[in-house]
Amino acid sequence: PVIHGAGASVSDRKRVAEKPKTVRDWWPETLDLRLLHQDPISARPSHVPHPHSATVEGSSSLPAAAYASYASRLSLVDLSELRNDIYEALTTSNPAWPADYGHYGPLMIRLAWHAAGTYRVLAPLNSWPARRYILWPIKQKYGQALSWADLILLAGNVAIESMMGDWGTVEPLWFGFGRVDAFAPEEDVYWGHEHEWLEDSRHDKSKPAADDVTGLEHGLVNPQGPGGDPDIIQSAKDIRTTFARMGMGDSETVALIAGGHTFGKAHGAADPDTYVAADPEGAPIEAMNIGWKNSFGSGKGKDTITSGLEGGWTKDPAKWDNGYFSNLFKYDWEQTKSPAGAIQWVPTEASIAANGGMSAVSNVVDAHDSSKSHLPIMFTTDLALRFDDVYGPISKRFHDSPGEFEDAWKRAWHKLLHRDMGPKSRHLGPYSVTEELIWMDPIPPIDYATVSSNDVRFLKGKILDAVNRAEASIPDLVKASWASASTYRCTDHRGGANGGRIRLEPQRSWPANDPASLAKVIAALEAIQLQFNKTQAATGTQVSFADMVVLGGCVAIEEAARRAGHTVRVPFVAGRADSSQQQTDVASFDAALKPRMDGFRNYDASSDARPERGLIDRAHLLTLTAPEMCVLIGGMRVLGANADNSSVGVLTDRPGVLSTDFFASICDDNITWTPMSCGKLFQGSRPAGKPFTASRVDLVLGSNSQLRAICESYASADSTEPFLRDFVSAWSKVMMLDRFDLLQPNQGK
Ligand code: HEM
């Protein structure tokens, strides 16, 4: 989610969440599974591909099939025509909503920043004050060949290009297409626990809210200062916390805010409370999803009310220059109020006098009347860039070296727009980034022949030999594959088995991955890999470690099924490549991807009293449905794939055999479960046999009515074949989640 001053209106409109009337009200503690079943296929028109659907238009069974389908449509678009269409739209003022300075560019930059790759045209994001309607004719023209998400962000780029250079000669900024639109509001965007917009129950001035995942106030940094208090230093802390959550460092944060506010202005002609009507989602039906009807004066142009703050930062807000920093450092600033009553800052009279008097002030030209001009303004958040101990020197450096600032701005802007796009192979079109950027978790291209099906058979034999020689056990092979692939997150396409990072720091040392037994598996697989690659010098064929670790899982599962008396084939598609340690941002992997809990391996190093919520979260990141989640847990438990080789949840008397025993035990009323003293585990006494131990993650499968129904389906007499089929299919899905390389998207014109 993107954080901005959007909701920072001085207006304190109360948006009380509609009182829900569901079963959830009666049993609020029930585990919420909605995260796993969002954006249903039935929510979108049939010609619009679904992001996680397995079979779209007959394409392969990759979850990313919708992306492939979008890629082929996009490839038919003439992108220079599209860019020109956007430029025309941005520079053609529509009297219905006159453009400030005759250019919608700043508005589009702000819209793109709000969207920043996570934009959804649905509540709550569409209730943020930004007008994407300027782009509707273009969306209408290109239809499904261009997603809203790509269009909005590209418009931000075209805006910047046209205001930083001369349209026609300016080089396009880096841009990767490939964002697929959602059609139902996402359940995974956690907006905080407030019940009213702009309610602020998260400020404790003494410490930043470390565990909080959203912005510091309902989706925003307050431009006036924390909770409306113009405390510049505290405001810097809020900015740092919020931007860090977006993966931005201090220099990137300064570059982004300063670069953004080099363009455009704030709008606060009058008090929003008095003049501005409801947002699109709350507006009356006849408003047709437009919202914010402004009854002040003409309601537009000079009378516009958006945030309630008023004014621009630089002399010519539709052109790139270094005016933001020169103003920031040239003047002393004093508090004032916008016409709408919001706190903002203007140069003091004394500092104006010291800098040559009013005639020398770099006044900001009026947005609609070029004969008028205004004093430049700063928000409390802008002053933080000068007065914070860390931001201050960075700002000074950018002020002194405009070239460095320009470069930092363009790079941070690109990161802002692409940080949830995943590896470079997912960037479509001809303007894609030309450098290898570490935050994209680079994976090198394959410059050798990949293994044939004969080679795969040979390698599987070698892995099985290693199992039989006890160099690698079945549970350890399963765990290594899982540890490698299950880092994937559908929210930003990071993680996954590709890159083979499981053999690198920090992953190989993560406690969830059982470093000691993982090291044995790595050694065994590497030995086979090296030997194979050596013998293939003549053919030029090679196998990557990333492929080996996935193949190890296939061998282990097939062998465990054989021990249960069944023959299964776990699909394997070669073609993963190995990244190097230098291509791996250790700190960022640790911060973002390190598992604190993983219900699939019964691993829990968290302090969460209800780890089952973490299970649902991980299942969602892996795009699993509830049945896929259950079948994986049931299978992995009997395979003995627990972290630390613990027997928690291994509800079978024949571990290592791929059976439906876990489900049978979960649904067995003769087992009596009692909480153990540690508070996290339960003991299950059985009429015969040693007692079982289980976690909350195990027991929730039997206690939650929806999950229990799924477990019963796998516990019944006729379920063995469906269980094996579904387990293998869910397993393969996880292994393939990051195989964007297979899509070979057409790169567009
Ligand atoms: C305008 C706040 C960061 C780009 C504004 C406005 C506010 C605001 C309140 C006025 C909106 C209006 O009344 O129309 C903030 C805060 C930030 C922040 C609190 C972070 C601490 C950024 C960043 C960018 C950006 C990172 C771009 C990368 C813009 C632009 C405008 C704007 C282009 C002018 C929009 C127009 O002319 O219509 N910002 N902003 N801002 N912001 Fe930011």
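Brief remarks on what is shown
Residue-by-condition table, conditions (1) in a loop (DSSP other than H, G, I, E, B); (2) loosely packed, with under 14 Cβ neighbours inside 10 Å; (3) away from the ligand (no atom under 16 Å from the Cβ):
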| residue | (1), (2), (3) |
| --- | --- |
| Ser359 | no, yes, yes |
| Pro376 | yes, no, no |
| Pro393 | no, yes, yes |
| Asp407 | no, yes, no |
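- In summary, Ser307 fulfils each of the numbered conditions (1) modelled with pLDDT under 95; (2) more than 14 Å from the ligand (Cβ to nearest atom) with the single exception of condition (2).
- Taking first residues from segment 223-236 that are among the polar types (S, T, N, Q) and partners that are at pLDDT 95 or above and away from the ligand (no atom under 13 Å from the Cβ), the Cβ contacts under 9 Å between residues at least 6 apart in sequence or on separate chains come to Ser235/Asp229.
- Residues being over 21 Å from Asn468 (Cβ atoms) and either of a type in the set (A, V, I, L, M) or part of a loop (DSSP other than H, G, I, E, B) (or both) - total across segment 535-580: 16
- Selection within segment 540-554 - in contact with a helix residue (DSSP H, G or I) (Cβ under 9 Å, 6 or more places away or on another chain) and either over 14 Å from Leu459 (Cβ atoms) or open to solvent by 10 Å² or more (accessible area, probe 1.4 Å) (or both): Thr541, Gln542
- A count restricted to segment 605-663 and to residues that are assigned to a helix (DSSP H, G or I) and of a type outside the set (Gly, Ala, Ser) stands at 23.
- Asp389 being surrounded by fewer than 17 Cβ atoms within 10 Å (Cβ to Cβ), over 19 Å from Gln224 (Cα atoms) and within 31 Å of the chain's Cα centre (by Cα): yes
- Residue in segment 695-706 that is of a type in the set (Lys, Arg), under 30 Å from Thr450 (Cβ atoms) and in a helix (DSSP H, G or I) present: no
- Residues of segment 80-119 that turn out to be touching a Phe, Trp or Tyr at 6+ places or on another chain (Cβ under 8 Å), open to solvent by 40 Å² or more (accessible area, probe 1.4 Å) and of a type in the set (Val, Ile, Thr), as a count: 1
- Evaluated against (1) surrounded by fewer than 22 Cβ atoms within 10 Å (Cβ to Cβ); (2) more than 24 Å from Ser307 (Cβ to Cβ); (3) within 41 Å of the chain's Cα centre (by Cα), Val365 falls short on exactly one condition, (2).
- For segment 269-293, taking the residues that are at pLDDT below 85 and part of a helix (DSSP H, G or I), the one that is nearest to the ligand (Cβ to nearest atom) is identified as Ala287.
- For the residues Thr381, Thr434, the requirement of being out of contact with any Cys (no Cβ under 8 Å at 6 or more places or on another chain), open to solvent by 10 Å² or more (accessible area, probe 1.4 Å) and modelled with pLDDT of 95 or more singles out Thr381.
- Matching residues in segment 208-249 - criterion: being modelled with pLDDT of 85 or more, away from the ligand (no atom under 12 Å from the Cβ) and acidic (Asp, Glu): Asp229, Asp231
- Residues that are in a helix (DSSP H, G or I), closer than 30 Å to Ala609 by Cβ, at pLDDT below 85 and among the β-branched types (Val, Ile, Thr) are absent from segment 36-56 altogether.
- Only one of Ala527, Ala519, Ala512, Ala523 that is at pLDDT 95 or above and crowded, with 19+ Cβ neighbours inside 10 Å: Ala512
- Evaluation of Gly640 against (1) in contact (Cβ under 8 Å) with a residue 40 or more places away in the chain; (2) within 15 Å of Ala688 (Cα to Cα); (3) open to solvent by 10 Å² or more (accessible area, probe 1.4 Å); (4) in contact with a Gly (Cβ under 8 Å, 6 or more places away or on another chain) (one fails), failing number: (2)
- Single residue of Thr381, Thr434 found to be among the hydroxyl-bearing types (Ser, Thr, Tyr) and away from the ligand (no atom under 16 Å from the Cβ): Thr434
- Tabulated pairs, segment 660-678, first within 13 Å of Gly689 (Cβ to Cβ), second part of a loop (DSSP other than H, G, I, E, B) and basic (Lys, Arg), C-beta under 6 angstrom, 6+ apart or interchain: Ile671/Arg686
- Test for Phe296: is it assigned to a helix (DSSP H, G or I), more than 22 Å from His103 (Cβ to Cβ) and either away from the ligand (no atom under 15 Å from the Cβ) or hydrophobic (A, V, I, L, M, F, W, C) (or both): no
The values are calculated or read from the model by the stated rules, or taken from the named source; none is laboratory data. On a predicted model such as this, the values are computed, not experimentally measured, just so you know. Glycine gets a Cβ as well: all are built from the backbone with ideal geometry, and neighbour counts include every protein chain shown. To get the accessible areas, we keep the full protein, side chains included, count just its heavy atoms, and leave off ligands, DNA and RNA. Shrake-Rupley method; radii C 1.70, N 1.55, O 1.52, S 1.80 Å.
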